[in-house]
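Bear in mind these aren't lab numbers, they're just calculated from the coordinates by the rules spelled out. All values derive from a computational prediction rather than experimental measurement. As a convention, Cβ positions derive from the backbone with ideal geometry for all residues, glycine included, and neighbour counts pool all protein chains shown.
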Amino acid sequence: MHSISSRIEKVSPSLTLAVTAQTKAMIARGEEVYALAGGEPEVDTPTFIKEAAVKALMDGRTKYTPAGGIPELRKALSEKFKTDNDLNYEPNQICVTSGAKMACFNAILAVVEEGDEVIIPTPYWVSYPEMVRMAGGIPVLVEVKESTGWKMTPEQFEDAMTPATKMVIINSPGNPTGAVYTKEELLALGEIATAEDIMILSDEIYEKLVYGDAKHVSIASLSEELYNLTITVNGFSKAFSMTGWRLGYTAAAKPVAEAIDKVQNHSVSNATTFAQYGALAALEGDQSFIEDLRGEYDVKRQFVLSRLQAIKNIRVVEPEGAFYFFVYTGEMGLKSMNLCDKLLSRYKVAAVPGIAFGYDDGIRISYCTTLDILNEGLTRFEQFCREH
């Protein structure tokens, strides 16, 4: 009996998780690996957040919550949106999820129907197309260019649209490129989405990690029409170094928010209860951790940029957000899987092949690690590039 869903058979495993698992296995065997593939801050969750979760656990906060999350957290998130993003979402328009990854999936499931097309700029975060496929939709990939700072142009958006287009995904700051869309760029894309009544999934998980003169802008804040079309996704993983806590959230206009709540009701019921109290502490407590982290990453970003710009047979666009560089390696004559395999097996440097993000002429390098690891890893990468 052929028992696997045809929908799931079309889905590819996550290459980013596979590279991370391979790297950890090598380290466990005693091999010295310079891991430049990570997608999480290397520092621990702040102590006051952990203490709040422990207290909640010891106080018996171990039962079900409303599907959308504990009322206190949803209220705090409502205030966060007002303060940080100039957005007015009532608590009942917010759904706390088991990670921002699930927030994206809930949003797609709530909106996308069988055969609907979803426009995704490439390079993309690895899970977007697979989520669309699992929802029965069709990913429409738009290859963006270095020349536009790895950002989709209005012309590309218009060219990709068909009568079947239901949604566009905008990830700013972006993974894997670190691209940050300006207010003017978002308005231009939003004008097209509004004219064609296309839903927007705005993934803003890296909003706090923006550098230089770049500013994070929530597209839903730019007009009433965009507010009604946008599902805003965010989470606690990156800014608060809470990746393993699995806490994200969605916010949307009420009809869409109600649909997302239904998805949550019939999937996980609610995000882990005592973890939500840690998230509440994160929002209400000392925010200096975020600024310290951002400052540290900015130093590492500039260090990595100077090192990569000195390598002759690659190209790199300066990232304005997140903690990644997407390195163009097309001149080396190696496809990204082959390149990363050689880099890991021969030089003990782990990077993520660009094919994971739908772009085979590049690799992703992460700088969320120590300067010592970055320095040695980049020295080995430079040697690799010279020899190939």
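Quick notes
- Relative packing of peptides 335-341, 239-245 - highest average C-beta neighbours within 10 Å first: 239-245, 335-341
- Positive-end extreme of charge dipole, the chain - chosen from Gly178, Ile355, Ile192 (charges on Cβ): Ile355
- P(r) weight above 16 Å for segment 134-186, C-alpha pairs, percent: 46
- The convex hull drawn around the Cα atoms of segment 206-264, when projected onto a plane and averaged over every direction, covers 5.0 nm².
- Rounded Å value of the spacing that divides the Cα centres of segment 86-138 and segment 313-388: 28
- Farthest toward the positive end of the dipole of segment 62-192, out of Met152, Asn85, Tyr64, is the Cα of Tyr64, where the dipole comes from beta carbon charges about the Cα centre.
- Over the chain: helical MRE at 222 nm, DSSP H runs n ≥ 4 each giving -39500 (n - 2.57), nearest 500: -13000 deg cm²/dmol
- Our coupling estimate for segment 168-180, obtained by passing each phi through the Karplus curve with A = 6.51, B = -1.76, C = 1.60 and θ = phi - 60°, is 10, 9, 10, 10, 9, x, x, 10, x, 9, x, 5, 10 Hz, Gly and Pro reported as x.
- Loop-located chymotrypsin sites (Phe, Trp or Tyr not before Pro) in segment 1-85 (DSSP state not H, G, I, E or B) with no more than 13 neighbouring Cβ atoms inside 10 Å: Tyr64.
- Loop-located trypsin sites (Lys or Arg not before Pro) in segment 28-76, at most 10 other Cβ atoms within 10 Å (DSSP): Arg29, Lys63
- Percent RCO, i.e. relative contact order, over the chain, from Cα pairs under 8 Å lying at least 6 residues apart: 24
- Note that segment 198-214 has calculated 3J(HN,Hα) couplings of 9, 5, 10, 9, 9, 8, 10, 4, 9, 4, 7, 9, 10, 10, x, 8, 5 Hz, one per residue in order, obtained from phi through the Karplus relation 6.51 cos²θ - 1.76 cosθ + 1.60 (θ = phi - 60°); glycine and proline are x.
- 5 angstrom amide H check on Val142, placed H, neighbours 5+ away: Ile120, Thr122
- Between amide H atoms placed 1.01 Å from N, distances below 5 Å from Ala35 occur with Ala350, all of them 5 or more places distant or on a separate chain.
- For the chain, a simple Cβ point-charge model (Lys and Arg +1, Asp and Glu -1, everything else neutral) yields a dipole of about 1280 debye relative to the Cα centre.
- Ordering of 93-101, 326-334 by packing [mean C-beta count within 10 Å, highest first]: 93-101, 326-334
- GNM flexibility winner over the chain from Gly30, Gly362, Gly69 (Cα, springs under 10 Å): Gly30
- Charge dipole (debye, nearest 20) of segment 79-143; +1 at Cβ of Lys and Arg, -1 at Cβ of Asp and Glu: 240
- For Val168, distant residues with modelled amide H under 5 Å away: Ile119, Met199, Ile200, Leu201
- Karplus-derived 3J(HN,Hα), 6.51/-1.76/1.60, for each residue of segment 240-247, Hz, glycine and proline x: 9, 6, 10, 4, x, 6, 6, 9
- Debye intensity ratio in log₁₀ form over the Cα atoms of segment 217-348, taken at each q of 0.20 Å⁻¹: -1.17
- Among 161-167, 219-225, the peptide with the highest mean count of other Cβ atoms within 10 Å heads the list, and the full ranking is 219-225, 161-167.
- Dipole magnitude for segment 1-140: computed about the Cα centre from +1 point charges on Lys and Arg Cβ and -1 point charges on Asp and Glu Cβ, it is near 400 debye.
- Among the listed pairs Lys145/Lys254; Lys24/Lys238; Lys80/Lys151; Lys101/Lys166, those beyond 31 Å (Cα-Cα): Lys145/Lys254
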